[in-house]
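**Student:** Got a structure for you, written out below as structure tokens; questions coming shortly.
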Amino acid sequence: KMNEELEHAFSKQITLEFESAMLYRQLAIEFELKDLPGIASWMKNHATEELSHADRLIEHLTDRDNHPVIGDIHVPSIKINTLAEAFEIALEAEEGVSESIRNLFRLGRETNDIDSIPVIDWFVSEQVEEEATVREILGRVKLVGDDGSGILRLDAELGSQA
Ligand code: OFO
């Protein structure tokens, strides 16, 4: 069983993953309203991935007879004028998640909790990937700018990935 401080930090991370999922769901709604169903389903798909992150953390705690608790979830109210703004919001959220994972990493080491190390390490590399994915899409969104056919191509491409 892990100590209480680390258990609490894990619960905070679980809450953050749920929050992240809801943020992506809200972004999906925004794109649906902008008639970009491909990007909307990419966002929805990503939300599901965030839920699987939460599940991975929950399972680690329950496996060890710890008690994960989902805290309050805040979904920021977002207003999007351009595609780039949406991916900037996503990137900022991912950077926040990465920082929180780093804190979990530090605490896991400090408390000498060997059993959580592989779980936390997985999240460290996962965040590098998640940030890179969102950053790349943001870069391409910026390249396309407000070119309609470029946006539609991106929509089709992201839709096929989802
Ligand atoms: Fe997209 O982040 Fe979870 O971990």
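**Student:** Taking Cα centroids, how far is segment 103-162 from segment 1-77 in Å?
**Tutor:** Spelled out, the Cα-based centre of one part sits 14 Å from the other.
**Student:** Work out, step by step, the length gained on full extension between GLU99 and ILE73: first 0.36 nm times the residue separation, then minus their alpha carbon distance; give nm to one decimal.
**Tutor:** Separation in residues times 0.36 nm, less the Cα-Cα distance, equals 7.5 nm.
**Student:** What's the longest uninterrupted piece of the chain once you rule out the trypsin sites (Lys or Arg not before Pro) that are loop residues per DSSP with at most 16 other Cβ within 10 Å?
**Tutor:** 80-162
**Student:** Hey, another quick one. Could you pull out which residues in segment 47-91 have an amide N less than 17 Å from a spot 7 Å beyond the Cα of ILE114, following the Cα-Cβ vector?
**Tutor:** 64
**Student:** Would you list which lysines come within 26 Å of LYS34, measuring only between C-alpha atoms, while excluding same-chain residues fewer than 8 positions from it?
**Tutor:** Answer for LYS34, where 26 Å is the Cα cut-off: LYS44, LYS79, LYS142, listed by chain and number.
**Student:** Could you work out the local net charge near SER41, counting Lys and Arg as +1, Asp and Glu as -1, over the other residues with Cβ closer than 14 Å to its Cβ?
**Tutor:** Taking every other residue near SER41 into account, the sum is -3.
**Student:** Using 0.36 nm times the number of residues separating ARG140 and GLU88, minus their current alpha carbon distance, what extension gain do you get?
**Tutor:** So the chain would gain 17.5 nm between ARG140 and GLU88.
**Student:** Going by how many other beta carbons lie within 10 Å of each one, how would you line up SER98, SER77, SER20, SER160, fewest first?
**Tutor:** SER77, SER160, SER98, SER20
The numbers here are math on the coordinates, done by the rules we state, and not lab data. Since the model is a prediction, treat every value here as computed from it, not as a measurement. Methodologically, a virtual Cβ is constructed for each residue, glycine included, from the backbone with ideal geometry; neighbour enumeration extends over all protein chains shown.
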